[in-house]
Amino acid sequence: MKIKIWGARGSIPVSGQEFVRYGGDTTCIEIETANGDIIIVDAGSGIRTLGNTLLKEGRTEFHFLFSHAHWDHLLGFPFFKPLYRKSSTLQFHGCTFAQESIKTILKETMRPPFFPVDLSTVSATLQFTEKCRPEFEIAGLYCQSIPLNHPNFGYGFRLHEGDNSIAIFPDNELSLSQPNAKPLEEYVKFVSGSDILVHDAEYLPEEYESFSKGWGHSIYSDTVKLGIEGRVDRLILFHLNQERTDDQVDEMSVKARNIIRDAGANLSCEYAHTGLEMTV
């Protein structure tokens, strides 16, 4: 699998000189399988640039997984240019959320007066497979799902190709349980032995305790501990706060690596940035 980050920011896109190195686009992750199939996890603002790139490559088939329905994970979808090409086929997989269905979520995103083009009028072929199962197949890969600890429901995923796997939790709160969430030990078990773990690591401890507890996001140190306990090979810290500058993210990265060093663990760790590419 080839993995590329097209957006790692949380809540809302940002721009400015202080956000250049890590990027300002919201959640979008591209996975290319060994067979050349494309899986897109979430459709934040980063999907706009991804769509332009895929068109230049002559791609026509795309598989989608959505972790949940909050707007920073959907707001780029109407600007995904393959959506407006007759040659395109978009296949939507996985679980529904608190809303009726993935199709309904996307229709709401594109309905007037919020957007001028209705989903029913786009040129691409849209196919929906919305059975909520703990295990399913997507583009030839074996996929596992687990409920997120996040308001309004959602799911984390682990994708397997041969002996390799990547676990993805764009938004997940490890310090507090929401309804339908799993206990920490279940998340440890779920990610155990992953080649790559992409996981929410938005907050500093003082931020979490003062105003953000229960909002569905993790303290970076909790995420590092999850990576250590799950014995993953590489940890990608995700969901950068919209106010977090590049220099501040650098400081958090150093603190994260210090935790790993003090634990004597063998774990590669870094914050996600737009353009980050990985292969497993």
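Derivation of every value follows stated rules applied to the coordinates shown; laboratory data play no part. Just so you know, these numbers come straight off a predicted model, no measurement behind them. FYI the Cβ positions are ideal-geometry reconstructions off the backbone, even for glycines, and counts take in every protein chain you see.
Before moving on, here are some points about what is shown:
- For the stretch 1-154, with +1 on Lys and Arg beta carbons and -1 on Asp and Glu, the positive-most of Gly94, Phe80, His68 along the dipole: Phe80
- Among 67-73, 261-267, 198-204, 133-139, sorting by the average number of other beta carbon atoms lying within 10 angstrom of each residue, highest first, gives 198-204, 67-73, 133-139, 261-267.
- Straight-distance crosslink candidates among lysines, where the alpha carbon sits under 19 Å from Lys81 and sequence neighbours closer than 8 are dropped: Lys4, Lys56, Lys103, Lys107
- For the stretch 5-140, the share of DSSP beta bridges that are antiparallel, to the nearest 5, is 30%.
- Full-extension gain in nm, Lys2 to Phe128, via 0.36 nm per residue minus C-alpha separation: 42.9 nm
- Evaluated at q = 0.12, 0.17 Å⁻¹: base-10 log I(q)/I(0), Debye formula over Cα of the chain: -0.70, -1.47
- Computed [θ] at 222 nm, deg cm²/dmol, the chain (DSSP H ≥ 4; -39,500 (n - 2.57); rounded to nearest 500): -6000 deg cm²/dmol
- Reachable aspartates and glutamates from Lys182, criterion Cα separation under 18 angstrom, eight or more residues apart if same chain: Glu135, Asp171, Glu173, Asp200, Asp222, Glu229
- Secondary structure note: in the stretch 2-279, about 50% of the DSSP beta bridges are antiparallel.
- Within the same chain, lysines fewer than 8 places from Lys255 are excluded, and of the rest, those with a Cα less than 17 Å from its Cα are Lys225.
- Derived scalar couplings between HN and Hα for the stretch 83-88 equal 4, 10, 10, 4, 6, 8 Hz in order, rounded to whole Hz, by the Karplus curve 6.51 cos²θ - 1.76 cosθ + 1.60 (θ = phi - 60°), x for Gly and Pro.
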